[in-house]
Each structure stands twice: as structure tokens, then as C-alpha cells.
Amino acid sequence: MATGFGWKSDVAAVFYRCYKGFLLLKLRRFPSSIAIPMKSRLFLQSSWKFRQATAKNQDWLPARVPGCVHTDLLRSKRIPDPFWGDNEKDLQWIEEADWAYRCEFTPSAALRRHKHIELVFDGIDTVAVIHLNGQPIGRTSSMFIKYRFDVGAVLKSGQNILEINFLNPMGYIRERVQRLPHHPPESNDIVGGCSHIRKEPCSFGWDWGPRYATSGVYLPVYLEAWDENRIESVRVIQKHKPKSVGLAFEVATVVAGGEFRGTVSLKGKVVSTFSGLKTEIANPKLWWPNGHGEQPLYVVRLELLVGGQVIDVWEKRIGLRSILLDRHPDEFGESFQFVVNGKAIFAKGANWIPAHSFVTEANRELYDDLLTSAVEANMNMLRVWGGGIYEKEDFYDLCDEKGLLIWQDFMFACALYPGTSEFLHLVKQEAADQVKRIGYRTCLALWCGNNEIEQAPHDILKTPERKKAYEDIFYRLLPEAVAAYDGTTAYWPSSPHNPAIPYAKDFNNEGAGDCHLWDVWHMRFPVSHYETKTFRFCSEFGMQSYSSPEVAATYCLPENFNVFGPEMENHQKNGMGNLLIMDYASRLYRFPKDYAGLAYLSQLNQTYCMKIAVEHFRRSSPKMMGALYWQINDCWPVTSWSSLEFGGRWKALHYAARRFFAPALVSVHVPGTETVGIGNATKSTIHDVAIHTIYDGLNGGPATITWSLQHLKKGNLRSGKKKVVLRYNESIKQLDLDFASEMKKHGARSLYLRVELVMGGKVVSRQTTFLTAPRYLDLQPGKIETQLKKVGTARFEITLSSKIYQHAVSFHFRKTVYRAEDNFFDLFPGSKRRVVIRTQKDMSLADLRKRLETMSLVSSYK
């Protein structure tokens with residue numbers, strides 16, 4: 001229930017508080033000398049043990065909570081490494097077994113004196129029966145609900161025993177599938193059985209992840225004790241004015257009554273003290289997405305008082321900002337853009353999947369590393385994809401801190417969901433819990449109902465029961481929860497979604513809504529197909545690449561580095577993935593000489609595809625206002641669409657993302673095509689290029705484009721420059737150049753175009769463009785000269801140069817965790833590239849030099 005006070009008179013407010021405090025104390029017969037205690041908690045983190053539930057004679061093994069059965073079995077050496085080779089297939093028995101967990105604990109006398117004592121599970125996975133001291137206290141059936149059980153009557157002094165019996169998810173699924181004949185009867189496939197359980201969908205396997213449908217307590221479990229009242233949730237409402245921001249708080253408490261007071265602080269300094277549930281922040285420091293300003297976070301502290309005594313506290317960090325999903329009619333149809341603090345933002349980023357197949361293994365350090373990589377690649381938005389989990393608090397904390405907007409899917413993906421009263425009840429609870437938990441977050445930009453279900457409208461509309469179930473969840477329950485517990489953030493039914501014809505047909509609409517563009521990859525369309533589409537917002541598109549040899553060695557012996565071998569095929573979850581990578585890579589590059597060359601070329605191909613797409617999407621602004629590629633991260637070491645390998649290592653794509661998502665971008669469009677015809681002969685219509693500038697930085701201004709057409713052996717053939725002005729959210733075609741005469745004279749295979757954008761005396765964007773596929777280029781092998789010097793603790797500078805042109809030069813330090821400013825770039829004769837390197841640990845210059853390896857395009861096959 002919402003509780004608030006709006007007194008006009010300070011005297012009246014003081015009188016009311018005094019009177020109410022007296023009345024509450026009198027009615028509850030508290031002696032005036034006894035204070036009302038604050039609520040207290042006892043976290044149950046130690047003394048946990050587990051065993052297979054049916055193995056009554058089996059010894060109890062040590063367990064970790066939070067944790068899961070797979071990681072507990074691994075620590076006890078009862079199973080091999082789940083990520084190694086093809087061990088996955090031998091570990092499927094775990095999801096078919098029931099598991100028992102237990103712990104012993106002793107609550108304090110002070111905790112037991114409270115009137116109300118509850119056992120709280122912030123997150124439990126998934127189907128479980130819970131006993132305390134031999135007494136049943138509750139059941140769970142959703143991974144996404146926060147469960148509270150009253151244990152006051154069962155808790156005792158001294159030692160208590162908590163037991164959790166996890167029922168295997170497969171039995172639960174099969175039993176429910178049998179009830180619904182209009183749903184697919186399969187119990188093991190992604191689009192069938194797993195939609196009957198409210199559990200992380202991708203734990204049943206996806207086309208980039210393993211099948212490990214695990215069980216366990218994956219978020220904290222604790223006893224929470226309280227007396228008169230407690231805060232359940234707080235909804236924060238911001239009202240932005242020209243020189244101030246009003247804050248209003250709608251507080252849900254367990255029972256009616258109580259008073260509120262609060263403070264707002266910034267960097268340890270109190271900027272507002274208030275009574276009640278409203279305050280005003282004068283001269284606010286606004287929160288901005290990455291690349292658009294700073295991310296100041298105010299600390300809001302709300303205190304719940306009874307009888308003048310503080311009995312509960314809600315304290316969170318919030319940024320002062322407004323975020324609007326702007327959908328208005330325009331010349332192209334209907335806009336789809338995010339407006340932050342009145343400013344339209346081009347969303348630059350990627351899709352986020354769970355950071356680990358076993359979700360408890362994703363700690364703050366891992367989140368921080370991955371999200372820092374997003375920031376360093378100039379991203380400002382991530383989409384939390386609907387086939388994973390609602391992320392942990394550390395994730396949202398860090399997104400608030402780093403300025404990463406979050407498109408938040410509800411956890412529904414690629415499946416039909418039942419419409420039974422039991423299932424809808426779980427969905428309603430889940431939505432309420434998660435919206436209350438995440439809704440106040442500064443980074444939150446959008447709630448989205450599901451992933452890709454509307455791409456199969458014929459399945460939704462096949463029966464009246466399916467249609468009603470779909471509409472009940474995604475057009476009634478979820479938007480109602482967002483309206484009730486958030487009230488500010490926009491709701492979007494599905495991704496992709498066509499607002500003109502909801503889930504009937506044409507889910508990708510170039511005039512409105514968001515799209516998923518997978519014709520390049522699944523349909524084997526040419527990469528130039530991206531440039532034929534100008535959607536309003538592209539929330540998925542991607543291309544796979546192989547693991548680097550170093551990451552591949554974490555799941556496969558180097559002598560087995562064959563992508564069609566059983567170990568590596570188990571780490572390629574897309575059935576046609578290897579063939580598609582080979583197909584697309586062969587259109588651009590020659591056959592590599594080893595696995596290291598294959599992995600390198602696959603990453604160059606992935607980079608090329610995403611670069612063509614993103615630059616076209618950015619050139620299409622302001623009609624198109626968002627590009628989120630699939631995907632930024634991996635949940636295990638695997639061949640996938642990610643730009644960050646499992647463990648955080650940057651692929652070539654991530655370095656490229658740093659360039660094509662940069663605020664100032666020079667983009668070269670080649671409108672012609674090159675095709676292979678009869679007799680394997682090539683035909684080309686390529687001869688001209690268009691040079692564009694795109695800008696979405698803080699401070700525009702004058703800049704200069706310089707370009708030169710280069711011959712691989714003869715050097716510069718023709719060059720020029722143009723002064724331009726960069727302005728916010730402008731994409732402008734600056735130059736049209738025709739190289740037909742040079743191509744006729746020298747041949748496309750000897751030419752490349754070098755373009756740079758200079759601003760303030762600094763090169764802020766650079767491009768190298770070919771007029772034919774790179775596999776036809778007459779590249780010559782040559783030595784890459786390197787120099788290393790130490791410039792600080794765990795900081796080094798590498799200088800690279802070459803006497804000849806070298807394309808896509810990559811450097812790598814073996815067995816070293818490091819981060820480089822740039823990589824996979826071109827070297828030109830007579831010029832040097834200096835790059836700063838940060839290593840995780842300090843090391844000697846000699847040691848780092850011994851670990852250095854380099855590669856370029858020509859060395860991958862010669």
C-alpha cells in the first residue's frame with residue numbers, strides 16, 4: 001500500500017507525529033521505556049551440505065550458498081569440468097535428479113524476540129520443498145520470485161536445521177506438458193517444454209550455450225525479523241523542472257501507519273533533508289549515458305518511524321534524469337528513439353546474455369570487467385536479453401555508475417507460454433517482484449515483454465487458447481505490473497515488435513518499431529544486404545567467430561584444434577554455424593594455414609560484417625536511432641556471435657566497436673558490388689565511394705577529412721582533403737570520389753583507400769577501404785617491427801611499424817591478462833602506431849617482450 005503525508009503546516013505535521021506516536025504506543029501497550037527495535041537479518045551462508053536426494057546412505061558433501069549443484073559437485077570432484085571437451089553430454093543426468101541441501105544455524109536471542117520472523121529467499125532455482133526443524137514451511141516453483149515464509153512458530157533457540165529438497169526440473173516440466181495438449185509435447189526442446197517452468201530459459205541450452213539446467217539457492221537466503229512494520233518497496237518519481245528536480249516516493253509497507261523522513265546526499269554532502277515523502281533538489285547534477293556527460297549518483301535514505309523511532313531504512317543510489325521512449329509520427333512513419341534529459345540519443349551497444357552458465361559464478365569483478373569493456377567501446381546501451389536472468393544487483397549498480405542504459409527484457413524467449421491460472425499467477429508475482437526491484441534504477445530505459453515470440457505469429461494464432469495466453473501475459477499482466485510498480489519507464493510488448501500490426505505479420509517494419517535483422521547469417525544474404533534496410537532501431541544482428549587459440553585451449557587440447565572435431569563442435573551450438581562462418585569468411589579471405597589463422601580470419605570477417613551494418617545504421621540517423629548487435633559476452637568458452645570472449649578477452653570486433661561507435665566517425669560507403677559468376681570469374685560494378693561523417697559527441701566543431709588512394713607498391717596515386725563541421729546527431733555525405741580511371745590502369749587488386757578524420761589536431765577516426773575482396777589483394781609478407789617500453793606500473797607502450805602495407809595487424813601477449821587501446825589495425829609504410837597497454841599485474845619489460853606475438857592478414861595464410 002502507498003503511504004504518504006502532504007502537510008501544509010509544519011506545526012500541524014509536528015503535532016500529528018507526536019499524537020500518532022503516542023496513539024500507536026498506547027494501542028500496542030508498549031511500556032514507554034522500551035524502544036522499538038529495528039528489523040534484523042541473519043544470512044545463512046555457511047555450514048551448508050548437499051547430496052542426491054534419493055541416495056539416503058550417501059555422505060553429505062560440502063556446499064556453497066549462494067551456489068548450485070553443478071558447481072558443488074565440481075568442487076567435490078564428483079564430476080569433471082563441465083566446460084571441457086564434450087563433457088556436457090555426460091552430465092545431463094544432473095537435471096534428472098532430485099537434490100537435498102541442509103544447513104544448521106543458531107539464531108540470536110535478540111532476533112527471536114521479534115514479533116515476525118521470516119525465511120527469505122532472494123532467488124531460488126527452482127522447484128523446491130522447504131523444511132525447518134522437520135516441519136514443512138513452503139514450496140517454490142519460480143526462479144524469478146522472491147519467497148518469504150513465516151517461521152516464527154517453528155524457529156527455536158539453539159541449533160536449527162533448514163532442509164531444501166530440490167525436485168528435478170524435468171519431472172516438473174513433463175507433468176505440466178501433459179496437462180496442455182494444445183502445446184508442443186516435447187519436454188526437452190527450447191521452444192517446447194522449458195516454457196512450462198519459470199526458470200532461466202538458456203539453462204536448457206541455446207545456440208551459443210550449454211545445457212545445464214541446474215538447481216540451487218542462487219541469491220542470498222536469510223532470516224529477517226521485524227516487529228511493527230517494514231518497508232517492502234519504494235517507487236521513485238522524478239519531476240524535472242528548469243532548475244530543479246522534484247522527488248516523490250511511493251512506499252509500500254507491510255501494514256498501514258508510520259511516518260517517513262529522509263535525506264538526499266551527493267558525494268557525502270547532504271543536499272536535502274525532508275519529512276514525508278517529497279523533496280526538491282535545486283541545481284541538480286544530471287545523470288547522462290556514457291559519452292553524453294557524467295554519471296553523478298545521489299544517495300537517497302528513507303527512514304520509517306513508529307512512535308518517533310526508526311524501525312526500517314531504505315537507502316539507494318539514484319541518478320537524476322528523464323528517459324523517454326519517443327514514438328511520434330514523422331516523415332518516415334513513427335520514430336523509435338530514446339530521449340534522455342530532453343536529448344535524443346543514438347543507442348550504441350549490444351545484447352547481454354548471462355555472464356556465466358552457472359549464474360552464481362558471475363561476481364562483481366567479472367561484471368565490472370565486462371561492463372568496463374562496454375564503456376571503453378563507446379557503448380551507451382545494453383539489452384538484457386529475455387532468455388537469461390533478471391540480473392543481479394552488482395550488474396545494475398555498475399550500469400548506473402558507468403552510464404549504460406538498460407533495455408530490460410522480461411524472461412520470456414522464443415517459446416509459447418501456457419495460460420493456466422497457476423502459470424499466470426507465477427508470472428504476476430514475478431513481474432511485481434522484478435519491477436519493484438529494478439524499477440527505480442537510473443540505467444533502466446525500457447521494459448520489454450519478450451524476445452522474438454512475435455516472429456512466429458502463426459504459432460500464437462494457431463488456437464484461441466494460445467492467443468489468449470499470449471495476450472494475457474504480454475498485453476495485460478506485464479504492462480499492468482510496469483504501470484503499477486514503475487509508472488515511468490516505457491513498456492514494449494516484444495522484440496522485434498511492429499506497432500502497426502501487433503503480432504499478426506511483418507514483425508520487422510522499416511517505418512516503426514524495432515527489428516531483428518538476421519538475413520545476413522541465417523539466410524546467407526550478402527553483407528551488403530544490411531545497406532538496403534533502414535529500420536527505426538535494430539536490436540539484434542550478428543555474425544559468429546571462433547575462439548582465439550588461448551581461449552580454445554581452455555576447453556580443448558591444441559592437437560585437437562579442428563572445428564569439425566567432437567570437442568570443438570560441442571563448443572559450436574549452432575547447427576550450421578561452422579559452415580556459415582566458412583561461407584562468409586571465404587567470400588573475403590584466403591584459406592588459412594592453421595587454427596590460429598582460421599580464428600583470426602573469422603574474427604576479421606565478424607568485424608567486417610558488423611562494421612558494414614553499424615556504419616550504415618549510423619549513416620541512416622536520425623531515421624534510425626539504435627544499433628545493438630548480438631552479442632557482447634559469452635557464458636562459457638564457445639564459438640559465438642560475441643565481441644568479448646568468455647573471461648573478457650577482446651575479439652577483433654570489440655576493438656572495431658570502439659572505432660565504429662566513436663562519437664566522431666568517418667564512414668566510407670562503397671555502393672558497387674563484386675560477384676562471382678560462371679567459371680569462377682569475378683564481375684564488379686565498384687568504382688566510386690562516398691565519404692560520410694557522423695557525430696554524436698558533446699562538443700562538435702570544425703574538422704578535416706583527408707584521403708589518399710594508395711597503390712600497394714607505388715604508393716600515393718591521388719589524394720585530397722575537405723574541411724567540414726561536425727554537429728550533434730548529424731550524418732552527412734561529404735565527398736563522392738570516382739576511381740574508375742585508376743582501377744582501369746592499375747587494377748583493383750593493387751589499390752586501397754586511406755581516409756582520416758582530424759579534429760583539434762588529432763586523428764579521431766580512420767578507415768581503410770578496398771575496391772575488391774581482400775582475398776584478391778596482392779599483399780606481400782613483411783616484417784612487423786615492434787618496440788616496447790614501460791610507462792608506469794602495469795602500463796606499457798608498444799610501437800608497431802612496417803616497411804610495407806600490412807592489413808589488420810594484431811598483437812598478442814601469451815598468458816597475459818591485458819587491455820590495449822587499439823588492435824587489429826592497419827600499418828602503412830613510413831608511419832608508426834603507438835598503443836598503450838595495461839596489464840592486470842605489473843611485470844618486467846623483458847617478460848612482456850618474450851610473450852609478444854603478431855599477425856597480419858597476409859601472415860594468416862602465407
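What the table below lists for this structure:
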| read-out | value |
| --- | --- |
| Scope region 222-267; condition open to solvent by 20 Å² or more (accessible area, probe 1.4 Å) and of a type in the set (A, V, I, L, M, F, W, C); matching residues | 236, 237, 248, 254, 255, 256, 266 |
| Members of region 775-829 that are of a type in the set (Asp, Glu) and under 30 Å from residue 713 (Cβ atoms) | 778, 785, 822, 826 |
| Some residue of region 174-193 being at pLDDT 95 or above, of a type in the set (A, V, I, L, M) and either within 30 Å of residue 97 (Cα to Cα) or out of contact with any Asp or Glu (no Cβ under 7 Å at 6 or more places or on another chain) (or both) | no |
| Residue that is least open to solvent (accessible area, probe 1.4 Å), among those in region 644-684 that are outside any strand (DSSP E or B) and β-branched (Val, Ile, Thr) | 670 |
| Where a residue in region 832-855 is over 12 Å from residue 786 (Cβ atoms) and its partner, wherever it lies, is part of a loop (DSSP other than H, G, I, E, B) and among the small types (Gly, Ala, Ser), with Cβ under 7 Å and at least six apart | 838/794; 839/794; 841/794; 842/794 |
| Selection status of residue 117, surrounded by 21 or more Cβ atoms within 10 Å (Cβ to Cβ), in contact with a Gly (Cβ under 9 Å, 6 or more places away or on another chain) and closer than 21 Å to residue 38 by Cα | yes |
| Scope region 732-756; condition in a strand (DSSP E or B), closer than 15 Å to residue 686 by Cβ and open to solvent by less than 30 Å² (accessible area, probe 1.4 Å); matching residues | 737, 751, 752, 753 |
| Of all residues in region 362-385 being over 12 Å from the mean Cα position of the chain (by Cα) and of a type in the set (Gly, Ala, Ser), the one that is nearest to residue 635 (Cα to Cα) | 362 |
| All helices (runs of 4 or more DSSP H) inside region 430-542 with 3 or more residues being closer than 22 Å to residue 198 by Cβ | 464-472, 478-485 |
| When residues of region 762-778 are limited to those that are at pLDDT 95 or above and not in a strand (DSSP E or B), the one most open to solvent (accessible area, probe 1.4 Å) | 775 |
| Scope region 690-730; condition in a loop (DSSP other than H, G, I, E, B) and more than 33 Å from the chain's Cα centre (by Cα); matching residues | 712, 713, 714 |
| Only one of 470, 530, 503, 491 that is open to solvent by 30 Å² or more (accessible area, probe 1.4 Å) and either closer than 22 Å to residue 251 by Cα or not small (Gly, Ala, Ser) (or both) | 491 |
| Residue within region 775-790 that is free of Cβ contacts under 8 Å to residues at least 60 places away in the same chain and touching a Gly at 6+ places or on another chain (Cβ under 6 Å) present | no |
| Hits in region 591-602 - residues which are in contact with a strand residue (DSSP E or B) (Cβ under 9 Å, 6 or more places away or on another chain), open to solvent by 10 Å² or more (accessible area, probe 1.4 Å) and not aliphatic (A, V, I, L, M) | 600 |
| Residue tally, condition open to solvent by 10 Å² or more (accessible area, probe 1.4 Å), under 16 Å from residue 487 (Cα atoms) and of a type in the set (Gly, Ala, Ser), over region 419-444 | 2 |
| Residue in region 391-398 that is within 23 Å of residue 506 (Cα to Cα), open to solvent by less than 10 Å² (accessible area, probe 1.4 Å), at pLDDT 95 or above and not basic (Lys, Arg) present | no |
| Test for residue 408: is it open to solvent by 10 Å² or more (accessible area, probe 1.4 Å) and either in a strand (DSSP E or B) or in contact with a helix residue (DSSP H, G or I) (Cβ under 9 Å, 6 or more places away or on another chain) (or both) | no |
| Any chance residue 687 is surrounded by 19 or more Cβ atoms within 10 Å (Cβ to Cβ) and more than 21 Å from the chain's Cα centre (by Cα) | no |
| Filtered residues of region 679-702 (kept if within 30 Å of residue 292 (Cβ to Cβ) and touching a strand residue (DSSP E or B) at 6+ places or on another chain (Cβ under 7 Å)) | 690, 691, 692, 693, 694, 695, 697, 700, 701, 702 |
| Among residues of region 603-629, those that are open to solvent by 10 Å² or more (accessible area, probe 1.4 Å), touching a strand residue (DSSP E or B) at 6+ places or on another chain (Cβ under 6 Å) and hydrophobic (A, V, I, L, M, F, W, C), counted | 1 |
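Table: residues versus (1) in a strand (DSSP E or B); (2) in contact (Cβ under 8 Å) with a residue 40 or more places away in the chain.
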residue	(1), (2)
73	no, no
100	yes, yes
104	yes, yes
110	no, yes
137	yes, no
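Yes/no matrix, rows are residues, columns are (1) modelled with pLDDT under 95; (2) under 29 Å from the mean Cα position of the chain (by Cα); (3) over 20 Å from residue 751 (Cα atoms):
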residue: 791; (1), (2), (3): no, no, yes
residue: 813; (1), (2), (3): no, yes, yes
residue: 831; (1), (2), (3): yes, no, no
residue: 834; (1), (2), (3): no, no, yes
residue: 838; (1), (2), (3): no, yes, yes
residue: 846; (1), (2), (3): no, no, yes
residue: 859; (1), (2), (3): no, no, no
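Condition check ((1) more than 25 Å from residue 87 (Cα to Cα); (2) within 19 Å of the chain's Cα centre (by Cα)) across all residues:
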site: 588; (1), (2): yes, no
site: 594; (1), (2): yes, no
site: 597; (1), (2): yes, no
site: 606; (1), (2): yes, no
site: 624; (1), (2): yes, no
site: 632; (1), (2): yes, yes
site: 644; (1), (2): no, yes
site: 651; (1), (2): yes, yes
site: 657; (1), (2): yes, yes
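Here is a yes/no grid of residues against (1) β-branched (Val, Ile, Thr); (2) open to solvent by 30 Å² or more (accessible area, probe 1.4 Å); (3) at pLDDT 95 or above:
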{"position": "308", "(1), (2), (3)": "no, yes, no"}
{"position": "320", "(1), (2), (3)": "no, no, yes"}
{"position": "330", "(1), (2), (3)": "no, yes, yes"}
{"position": "335", "(1), (2), (3)": "no, no, yes"}
{"position": "342", "(1), (2), (3)": "no, yes, yes"}
{"position": "358", "(1), (2), (3)": "no, no, yes"}
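For (1) within 16 Å of residue 426 (Cβ to Cβ); (2) open to solvent by 40 Å² or more (accessible area, probe 1.4 Å); (3) modelled with pLDDT of 95 or more, each residue gets a yes or a no:
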residue: 122; (1), (2), (3): no, yes, yes
residue: 130; (1), (2), (3): no, no, yes
residue: 139; (1), (2), (3): yes, yes, yes
residue: 145; (1), (2), (3): yes, no, yes
residue: 156; (1), (2), (3): no, yes, yes
residue: 159; (1), (2), (3): no, yes, yes
residue: 167; (1), (2), (3): yes, yes, yes
residue: 171; (1), (2), (3): no, no, no
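The values are calculated or read from the model by the stated rules, or taken from the named source; none is laboratory data. Every value quoted in this text rests on a predicted model; they were computed, and no experiment measured them. Positions of Cβ are backbone-derived with ideal geometry, glycine not excepted, and every protein chain shown enters the neighbour counts. All accessible areas refer to the heavy atoms of the entire protein, side chains included, with ligands and DNA or RNA removed. Shrake-Rupley method; radii C 1.70, N 1.55, O 1.52, S 1.80 Å.
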